[in-house]
Amino acid sequence: MQRYIKSFATLTDQHIALIKDQYPSGFDKHDLVVMKTGDGRSFEVLEVRGQDAIYLVKVSNDLLEKVDDDLWDLPDNELLGELAEMSSTD
């Protein structure tokens with residue numbers, strides 16, 4: 001299975017639907033996985049499994065603090081816009 005690293009700014013409606021399906025009540029710090037780079041840096045990702053791929057979606061602490069449970073009630077296209085806007089201001 002292929003693995004892809006994505007940022008919230010580059011997610012599609014399909015990715016948002018997968019996230020909402022796997023995290024119907026939203027996600028928090030406990031759902032994140034720490035990834036390490038070859039040069040010793042690290043970053044946190046939300047692991048989202050699709051049929052043919054695993055998406056590792058980068059999540060910053062600032063973005064995590066901005067996301068609230070009400071966002072999950074938005075239609076996918078509105079949620080996508082909100083998340084992309086939040087991640088671009090990090």
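The values are calculated or read from the model by the stated rules, or taken from the named source; none is laboratory data. The structure presented is a predicted model; accordingly, all values stated were derived computationally and were not measured. Note that we place each Cβ from the backbone using ideal geometry, even for glycine, and neighbour counts take in every protein chain shown.
Take the residues in the range 1-46 that are among the hydroxyl-bearing types (Ser, Thr, Tyr) and at pLDDT 90 or above; name whichever of them is farthest from Asn61 (Cα to Cα). Outline the logic, then answer.
As a first pass, look at the range 1-46 and keep what is among the hydroxyl-bearing types (Ser, Thr, Tyr): 4, 7, 10, 12, 23, 25, 37, 42.
Now restrict to residues that are at pLDDT 90 or above: 4, 42.
Values: Tyr4: 20, Ser42: 13 Å.
The selected residue is Tyr4.
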Exercise. Name the residues in the range 1-32 that are exposed (fewer than 14 other Cβ atoms within 10 Å of the Cβ), small (Gly, Ala, Ser) and within 20 Å of Gln51 (Cα to Cα), would you?
Worked result: none
